[in-house]
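**Student:** I am attaching a structure below and will ask some questions about it afterwards.
What follows is calculated from the coordinates using simple rules that are stated; it is not laboratory data. Quick caveat: nothing in here was measured; it's all calculated off a predicted structure.
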Amino acid sequence: MGTRRLVVISGLITSTILTLVIMPTIYSLIDDFGMWMKKVFAFA
């Protein structure tokens with residue numbers, strides 16, 4: 001029973017970190033890259 005609890009709690013912590021930290025960071029990086037590409041190709 002203890003192992004099952006550890007797996008569930010670890011999954012909850014991992015999904016929370018992914019949702020609140022990793023995904024917004026990835027979206028921000030993609031948006032910044034898109035803006036940079038617009039600037040680069042605007043001068044071409």
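**Student:** May I ask for log10 I(q)/I(0) of the chain at q = 0.20, 0.32, 0.33 Å⁻¹, from a Debye sum over the Cα atoms as equal point scatterers with solvent left out?
**Tutor:** Once normalised to I(0) and log-transformed, intensities are -0.69, -0.96, -0.98.
**Student:** How much mean residue ellipticity at 222 nm does the chain get from its helices, if each DSSP H run of length 4 or more adds -39500 (n - 2.57) and you divide by all residues, to the nearest 500 deg cm²/dmol?
**Tutor:** Result for the chain: -27500 deg cm²/dmol, rounded to the nearest 500.
**Student:** Please compute the length gained on full extension between TRP36 and VAL7, using 0.36 nm multiplied by the number of residues separating them and subtracting their Cα-Cα distance.
**Tutor:** Values: separation 29, 0.36 × 29 = 10.44 nm, distance 4.12 nm.
Stretched out fully, the TRP36 to VAL7 stretch lengthens by 6.3 nm.
**Student:** A further question follows. Helix 23-42 sits at what angle to the longest principal axis of the chain, using alpha carbons and giving 0 to 90 degrees rounded to 10?
**Tutor:** 10
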